[in-house]
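Q: Sharing a structure, written as structure tokens. Questions coming.
The values are calculated or read from the model by the stated rules, or taken from the named source; none is laboratory data. From a predicted model like this one, the values you see are computed outputs, not experimental measurements. With ideal geometry, Cβ positions are generated from the backbone for all residues, glycine too; neighbour counts draw on all protein chains shown.
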Amino acid sequence: MNILSQLIVSGIAVGMIYGVIAFSYQLTFATSKTLNFGQGEALMLGALVGLTTVNFLIGQALGTPLAYLLMLPVVFAFGLAQGALVEYLGVRPAVKANSEAGWIMATIALGIIFRNLAENIWGRDALRFPSPLPEASLNILGVRIQPMEIAIVVGALVIMLAVEVFNRRSIFGKAVVATANDRDAAGLMGIDTRRVITFSYALSSMTAAFAGVLIAPVTLTGATMGAVLGLKAFAVAIIGGLSSGMGVIVGGLILGITETLTGYYISTGYKDVPGLVLLLLVLSLKPSGLFGRATIKKV
Amino acid sequence: MRVSGMIAAVAASIAMAGVSIAGVAVAAEPIKIGLSGPFTGGSSSMGVSMRDGVKLAVTEINKSGGVLGRQLVLVERDDEAKNEVGVQIAQELINKEGVVATLGYINTGVALASQRFYQEAEIPVINNVATGTVISKQFLPPDNKSNYIFRTSANDAIQSVMIADEAVKRQGFKKPAILADSTNYGQLGRADLEKALAALNVKPVATEKFNIGDTDMTAQLLRAKEAGADVILTYAIGPELAQIANGMAKLGWKVPMIGSWTLSMASFIDTAGPNGDGALMPQTFIQLPDTPKRKAFIEAYQAAYKIDRMPSPVSAAQGYDSVFLLAAAITQAGSTDGRKIREALENLNTKVEGVVTIYDRPFSATDHEAITGNIPVFGLVKGGRVVAAHPEDIAGDKAVRVKPKN
């Protein structure tokens, strides 16, 4: 029993990260039906910018927890700018030209450029990110958990909740929801849908950048840290459904927990297999995802 | 502006002419030696240390007059630990630069992909860090006329036997768990380890695998723990090894870690911090000034690169020694012809005193491995450094262990 709960707790921590990144995919898909395939790189850039900022602040004789908190606004601002840039350079021209797949190639290409840029600025080594919380693990009812893992789960939930509240309550957020529901109608109602899409990309990269600084203290920071995470989160977005904010959380948890359980009960060599099998199953049985609404495309 | 620019150009051309005249007058053309290794990326701490050790040796040799009265010149290239980049570099060094020999290779994959070009061009390669067992056996006679690939590092067959002996015979562990990454390095090493354990009639209680970049080792460690493992044997590289040590601390489970020499990587020691203390690994060289030669080497290294802890002492020492072996061979051959250098390496009649060992006929036509199982000792991670695990093993006249005569 103890082992099972330990595995589930570890799976939840991993799964929440997948969930946040999948959530950021979902943000842009809702408004523009396009995705940033360089989302893993947005996460990586956020983590590296965060690392530089944290190290600078620690150099100013601040404690690590305070430095970490002060770094967050910088990373948020950077994420917003990076997302807007991706939309401006990669997505807008393709959408304008009515190209069905142009944005796919463009966001992948931008992702590669960002990775090379990061390699040139920060080098190819994996760097250690100072942990704002104590690294000794807590023992809760026989389950060992690192404080930072709790912070990951809480932080992931908070950012998703904050974005949702923003979308539902603020006037700008309502424009986002309106665009997501019906872009043409929103445009006729006087909403500048193009700006809304740019904004949703900015918000999406901001969420990914935040995910980057959340996991960086328990992993290592480096130019390649986003590649695998971006891919797995994409699977989560498909499993959970690209139109459902709730779905990606559940999808993330399903994938995270299946991975650790398979690793333990079947074989660590097959850890990644069930996630992919699940992906295929969902695609063939319910292509809109477990929680997705099937949309009818009117022609 | 234009006038000053012209003056500068004239001055530069005069200076260059002066240099080339002086070059012709004083010494013959320098001897070009290739150097290939990852100077950026995950294995760069090993690559950079190896390069720095090589450069130190070249500077020393040049100061005392060079080889055959000619200066040594290094042509350094960063292979980024990528096979395809290594291949390009090999072709460039052979065809464009015309090197007489190449030193280097940290990564077994890069070595295997690149060295066939040297074999075809009949130019010797001395692998000074890569450990894959097959590296020196790719072009064995009689299938090939002669083998141009040499090595001055302890290969995986040697290391895995040492790890198994240390865990089972010396420390008396009976239930080892093997944790290896899914790369060629990890999986070939795992196979070697299983073979070495089988020779001692021990079967691992768990054999677990993980991918490069995996951030959570809970499943692997819990399996090992539940199987009752009393020691963890590793074959992986720095960052993931650190995840293992940190994962054990998280689970509140502590058994010793014994593994391949990569447990001495700075990325493991720094990332694992106190959790990495106590890890054991085979080392051909420990940063310990126990002979005058080693003391001089360590001090020269620290002075040249302005550091206290060498990032990878093993790589630096093996790199340093590889230059002296090559220099001795070129001197003996009296020529920079690849075939003659190879012949000289296989029949070295001068003893070469290196920092790892004293090389007395290190190679023969059939044996291209300078390091034998008796040479490496176990290093121990302690307070962010690698120290000798069993000081008695290297005490007194055991400080220098040499390859047995066969």
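Q: Residue check: is A:ARG115 in a helix (DSSP H, G or I), of a type outside the set (A, V, I, L, M, F, W, C), in contact (Cβ under 8 Å) with a residue 40 or more places away in the chain and closer than 24 Å to A:SER24 by Cα?
A: Taking the combined requirement at face value, the residue satisfies it.
Q: Follow-up. Tell me which residues, restricted to the stretch B:332-372, are over 19 Å from B:ARG401 (Cβ atoms) and either assigned to a helix (DSSP H, G or I) or acidic (Asp, Glu) (or both).
A: B:GLN332, B:ALA333, B:ASP337, B:GLY338, B:ARG339, B:LYS340, B:ILE341, B:ARG342, B:GLU343, B:ALA344, B:LEU345, B:GLU346 - these are the residues of the stretch B:332-372 that are over 19 Å from B:ARG401 (Cβ atoms) and either assigned to a helix (DSSP H, G or I) or acidic (Asp, Glu) (or both).
Q: Sort out for me the helices (runs of 4 or more DSSP H) sitting completely within the stretch A:137-242 that have 3 or more residues that are of a type in the set (Ser, Thr, Tyr). Give the steps one after another, and end with the answer.
A: Values: elements: A:147-169, A:171-181, A:183-188, A:193-215, A:225-240.
In the stretch A:137-242, A:193-215 are the helices (runs of 4 or more DSSP H) which contain 3 or more residues that are of a type in the set (Ser, Thr, Tyr).
Q: Let me ask something else about it. Restricting attention to the stretch A:105-157, which residues are surrounded by 14 or more Cβ atoms within 10 Å (Cβ to Cβ), more than 27 Å from B:ILE237 (Cβ to Cβ), of a type in the set (S, T, N, Q) and more than 20 Å from the chain's Cα centre (by Cα)?
A: none
Q: Sticking with this one: Would you confirm, using the coordinates I've provided, whether B:ALA90 is in contact with a helix residue (DSSP H, G or I) (Cβ under 9 Å, 6 or more places away or on another chain), under 25 Å from B:PRO311 (Cβ atoms) and not β-branched (Val, Ile, Thr)?
A: Values: in contact with a helix residue (DSSP H, G or I) (Cβ under 9 Å, 6 or more places away or on another chain): yes; under 25 Å from B:PRO311 (Cβ atoms): no; not β-branched (Val, Ile, Thr): yes.
Judged against the criteria, B:ALA90 is not a match.
Q: Does B:LYS295 qualify as being outside any loop (DSSP other than H, G, I, E, B), without any contact (Cβ under 8 Å) to a residue 40 or more places away in the chain and within 22 Å of B:GLY69 (Cβ to Cβ)? First the steps, then the outcome.
A: Numbers: outside any loop (DSSP other than H, G, I, E, B): yes; without any contact (Cβ under 8 Å) to a residue 40 or more places away in the chain: yes; within 22 Å of B:GLY69 (Cβ to Cβ): no.
Judged against the criteria, B:LYS295 is not a match.
Q: Would you mention how many residues in the stretch B:373-406 are on the phi > 0 side of the Ramachandran plot and in a loop (DSSP other than H, G, I, E, B)?
A: 2
Q: Can you find a residue that is more than 14 Å from every other protein chain (Cβ to nearest Cβ), touching a residue at least 12 places away in the same chain (Cβ under 8 Å) and buried (at least 24 other Cβ atoms within 10 Å of the Cβ) anywhere in the stretch A:4-20?
A: Yes, the conditions are met somewhere in the stretch A:4-20.
Q: What about B:ASN95, is it over 18 Å from B:LEU325 (Cβ atoms), assigned to a helix (DSSP H, G or I) and either free of Cβ contacts under 8 Å to residues at least 60 places away in the same chain or in contact with an Asp or Glu (Cβ under 8 Å, 6 or more places away or on another chain) (or both)?
A: yes
Q: Which members of the stretch A:118-136 meet the condition of being part of a loop (DSSP other than H, G, I, E, B) and facing chain B (nearest Cβ under 9 Å)? Write out each step before concluding.
A: Residues of the stretch A:118-136 that are part of a loop (DSSP other than H, G, I, E, B), as a first pass: A:123-126, A:128-136.
Selection gives A:GLY123, A:ARG124, A:ASP125, A:ALA126, A:ARG128, A:GLU135, A:ALA136.
Q: Given the conditions (1) buried (at least 19 other Cβ atoms within 10 Å of the Cβ); (2) at pLDDT below 95; (3) assigned to a helix (DSSP H, G or I), and given that B:GLY109 satisfies all but one, which numbered condition is not satisfied?
A: Unmet condition: (1).
Q: Quick one: B:GLN220 ticks every box in (1) in contact with a Phe, Trp or Tyr (Cβ under 8 Å, 6 or more places away or on another chain); (2) surrounded by fewer than 21 Cβ atoms within 10 Å (Cβ to Cβ); (3) polar (S, T, N, Q) except a single one, so which number is it?
A: (2)
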